[in-house]
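Enquirer: The structure that follows is given in the form of structure tokens.
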Amino acid sequence: MVLMEKRWSEEQIRHALEGLEGWRYDDGRIERVFEFATYADGVAFATRIFLLSEKQNHHPDAVCVLWKKVGVAYTTHDVGGVTERDLKAATMINLLYQRFTD
Ligand SMILES: C[C@H](O)[C@H](O)[C@H]1CNC2=NC(N)=NC(=O)C2=N1
């Protein structure tokens, strides 16, 4: 039995996002747009997100690969809102992004 993650309140989420650069809360999801020097970097970044999400068994609600930009959104589908799992994924994605900006 997988423990049901507890859905966070909007206040809890907004407080947690103060420490999570670039992410914002909107309508039950957390999301961020990442910018890149090249389109190929954005594609590589998105691919790493897909592989990470399989490893975590926690998958993005959306990944949009645009010209030199990638949009990412997370929510926990099982509970219909944002949980610790989404914030953990966002934290790991911010760390991943650092490799593309150093
Ligand atoms: C059975 C499997 O563990 C669940 O469906 C996982 C898969 N990935 C998931 N990803 C997200 N974002 N939310 C979930 O509730 C979720 N559940």
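The values are calculated or read from the model by the stated rules, or taken from the named source; none is laboratory data. Note that the structure is a prediction, hence the values are computed from the model and not measured. Cβ: placed from backbone, ideal geometry, glycine included. Neighbour counts: every protein chain shown.
Enquirer: Leu3 passes all but one of (1) out of contact with any Asp or Glu (no Cβ under 9 Å at 6 or more places or on another chain); (2) modelled with pLDDT of 95 or more; which number fails?
Expert: Going through (1) out of contact with any Asp or Glu (no Cβ under 9 Å at 6 or more places or on another chain); (2) modelled with pLDDT of 95 or more one by one, Leu3 breaks only (2).
Enquirer: Determine the pairs where a residue that is closer than 11 Å to Leu87 by Cα, located within segment 13-38, has a partner that is assigned to a loop (DSSP other than H, G, I, E, B) with Cβ atoms under 6 Å apart, the partner being 6 or more residues away or on another chain.
Expert: Ile13/Val82; Leu17/Trp23; Arg29/Asp61; Arg29/Thr75; Ile30/Trp23; Ile30/Val82
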